[in-house]
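What follows is calculated from the coordinates using simple rules that are stated; it is not laboratory data. Small disclaimer: the values here were computed from a predicted structure and weren't measured. Glycine gets a Cβ as well: all are built from the backbone with ideal geometry, and neighbour counts include every protein chain shown.
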Amino acid sequence: MNNMDRVYNLIARADGVSPTEFWLIAYVDEGVTSQSAIAQALGVSRQTVNSACGSLVRRGLVTVTEDAQNRRLKRVGLTARGEAFVREHVRALEAIEEGFWSRIPSHQRETFTGLLEDFSTALEQAWKETAHPE
């Protein structure tokens, strides 16, 4: 685990949820609502998302319902408590991130994000080619 992952994991745990639960809530807030799409976005199994949803349902932060057109598809929604969690924790993290990024000159931000995207794309491609072809 790299230093960034460690920091984000600490933030999630300090907010009283697991890292998976934190990012699940954030993705649902952004409009990613199917459990399979959430799993794909997080890079985890659907079972992991299902377990996280179960925990969040029990704590009153999300709901899980069947999709109207496809009963096998499960949709995740935020409850009023989940929306409050977003306002208190997710938005707070976004504000901290924005405060940090605003102090960095735009050309450095662009260089950093470009390098990070190039690295992750190359790593994913190498992984697929050498270890796990689809």
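Counting Lys and Arg as +1 and Asp and Glu as -1, each charge on the Cβ, what is the dipole of the chain about the Cα centre in debye, to the nearest 20?
The calculation lands at about 640 debye.
So for the pair Asn3, Gln47, with labels modelled 7 Å out along Cα→Cβ, what separation do we get in nm?
A separation of 3.6 nm, rounded to one decimal place.
Suppose only helical runs count, i.e. DSSP H with n ≥ 4. What mean residue ellipticity at 222 nm does that imply for the chain under -39500 (n - 2.57) per run, divided by all residues and rounded to the nearest 500 deg cm²/dmol? Display every interim value, and only then the final one.
Details: 7 runs with 87 residues, N = 134.
The per-residue figure over the chain is -20500 deg cm²/dmol.
Set Lys and Arg Cβ to +1 and Asp and Glu Cβ to -1, take the dipole of the chain about its Cα centre, and tell me which of Ala84, Thr48, Thr63 lies farthest positive.
Ranked along the dipole, the leading option is Thr63.
Per residue of segment 100-116, in order, report the coupling 6.51 cos²θ - 1.76 cosθ + 1.60 (Karplus, θ = phi - 60°) as ³J(HN,Hα) in whole Hz, putting x for Gly and Pro.
5, 4, 5, 7, 9, x, 4, 5, 6, 4, 4, 4, 4, 5, x, 5, 5
Could you work out how far apart the two model spin labels at Ile96 and Asp67 are, taking each label as a point 7 Å from the Cα in the direction of the beta carbon, and quote it in nm?
It is 3.5 nm.
Take the chain, mark every one of the trypsin sites (Lys or Arg not before Pro) that falls in a DSSP loop and has at most 10 other Cβ within 10 Å, then report the longest stretch left between them, sites excluded.
1-70
Express in nm, to one decimal, how much length is gained between Ala80 and His107 on full extension, taking 0.36 nm for each residue of separation and deducting their alpha carbon distance. Before the final figure, lay out the partial values.
Working: separation 27, 0.36 × 27 = 9.72 nm, distance 3.97 nm.
Contour length minus Cα-Cα distance gives 5.8 nm.
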